1. Could you identify the single residue in Phe133, Phe164 that is assigned by TED's automatic domain parsing to the domain that holds Phe245, of a type outside the set (D, E, K, R) and modelled with pLDDT under 95?
2. Can you tell me which residue in the range 1-27 is modelled with the lowest pLDDT, limited to those that are in contact with a Phe, Trp or Tyr (Cβ under 9 Å, 6 or more places away or on another chain) and surrounded by 12 or more Cβ atoms within 10 Å (Cβ to Cβ)?
3. Could you check the range 284-369 for helices (runs of 4 or more DSSP H) lying wholly inside it with 3 or more residues that are touching a residue at least 40 places away in the same chain (Cβ under 8 Å)?
4. Kindly evaluate Lys358 against the criterion of being within 34 Å of the chain's Cα centre (by Cα) and either surrounded by fewer than 16 Cβ atoms within 10 Å (Cβ to Cβ) or modelled with pLDDT under 95 (or both).
5. Out of the residues in the range 269-281 meeting the condition of being of a type outside the set (D, E, K, R) and in contact (Cβ under 8 Å) with a residue 40 or more places away in the chain, tell me which one is nearest to Tyr327 (Cα to Cα).
6. Suppose we keep only residues that are out of contact with any strand residue (DSSP E or B) (no Cβ under 8 Å at 6 or more places or on another chain) and over 14 Å from Thr124 (Cα atoms) within the range 227-248. Which one would you say is surrounded by the most Cβ atoms within 10 Å (Cβ to Cβ)?
7. Residue by residue through the range 92-112, note down the ones that are crowded, with 20+ Cβ neighbours inside 10 Å and either within 21 Å of Phe255 (Cα to Cα) or of a type in the set (D, E, K, R) (or both).
Amino acid sequence: MTNKTFAPFELKMTEQQAFDGLKSTYGNELTAADVRAFAAMNNIGYATVTKKIKKFRVSPGKWNLTVTKKSVENIEKSFQSPSAMPAAEKNLVPQKDATFVKFGSFQDVKKIIASKLFYPTFVTGLSGNGKTFGIEQACAQLGREIIRVNITIETDEDDLIGGFRLVNGETVWHNGPVIEALERGAILLLDEIDLASNKILCLQSVLEGNGVFLKKIGRFVRPTEGFNVFATANTKGKGSDDGRFIGTNVLNEAFLERFPVTFEQSYPSPVTENRILEKIAATLGVNDADFCKRLVDWGDIIRKTFYDGGIEEIISTRRLVHIIRAYAIFNNKQKAIQVCINRFDDETKQSFLELYDKVDADFEMDKKEDAMYENDEGQN
């Protein structure tokens, strides 16, 4: 850049003259060397020039003529202002669920959380078998805060770490759930992590226990004691070979390697699953232990057939709970089962209904689909 020489001002240099002279000579970004050279060229003191441009000072020995000091202070203030932080609840400890029955990896998960050691944990298993619920209830029993993030292929660094948001016409920094968990010493639950894209790699340093550098605001956030990361997935991060979980992705090997332990969660045993259904039924005012038992037997047969490769669909524990809730609403066993398995194709749905008909001797499957709704029509 060609330096321009300005003749000494006969009158005291104004702020505007200093601004115009510096801008035309050095551009918008100035260093202390630029200001000293300008002062010497114009036969005025360095301190005099710096006073004229003090509102543009962005850091020691640096000025930006497009950014005023006030705007910088406002931005810095927004980083620290409570209004810039996410409106997180004061207490993120989940409530204890009276219907919860411990099984699977629950005791191990609880021990890891209770230790308060940083030990990232990966929990994998088929859908609807209590992976997420178990982690949440472990936190509930231990009085630990948990922040759950539902991962999708669209989840990016801004969603996880945070970014600038427009609040009341002003741009302010907004902490993401990862930063919130780091600072609170909470459990960070990355739910359905196998749906993530490579953008999840922004968490590499977090999974090493080193915290994260917020490059947009120049601040380093270190983990508070007790912080830990749990991830749940239907796969092991290697994709879905059978196509059951469309949308799952092959996760980066270096990313997966940062989880020292992986728990494989299975569906509960028939005895445990029966306890779960009976507890749910009791809270809904359903007094039918036999129906709960038949549903568990039905689900167990379907799962064994699925594992043997005889069928392509499965009945999850969550699906059985849905049926109990539907029964509490409609007071009709067949309708409860029917509406909860309508998500399957017609052939699978029919075979499931016929199987339940064999499991429950008192169950009479209506041959006509509309028969289930006769009671409803009579009430209208």
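1. Exactly one residue qualifies, and that residue is Phe164.
2. The extreme case among them is Phe6.
3. Working: elements: 289-307, 317-330, 333-341, 346-359.
Counting at least 3 such residues, we get 289-307, 317-330, 346-359.
4. no
5. Taking the candidates together, the pick is Ala281.
6. Only one residue tops the list, namely Arg244.
7. Answer for the range 92-112, where residues must be crowded, with 20+ Cβ neighbours inside 10 Å and either within 21 Å of Phe255 (Cα to Cα) or of a type in the set (D, E, K, R) (or both): Val109, Ile112.
Residues are listed down the side, and each one gets a yes or a no for (1) of a type in the set (D, E, K, R); (2) in contact with a helix residue (DSSP H, G or I) (Cβ under 8 Å, 6 or more places away or on another chain); (3) surrounded by 14 or more Cβ atoms within 10 Å (Cβ to Cβ):
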site	(1), (2), (3)
Gln141	no, yes, yes
Glu154	yes, no, no
His174	no, yes, yes
Lys199	yes, yes, yes
Val206	no, yes, yes
Pro223	no, yes, yes
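The values are calculated or read from the model by the stated rules, or taken from the named source; none is laboratory data. Being a predicted model, the structure only gives us computed values, none of them experimental. Neighbour counts run over all protein chains shown; Cβ positions are idealised from the backbone, glycine included.
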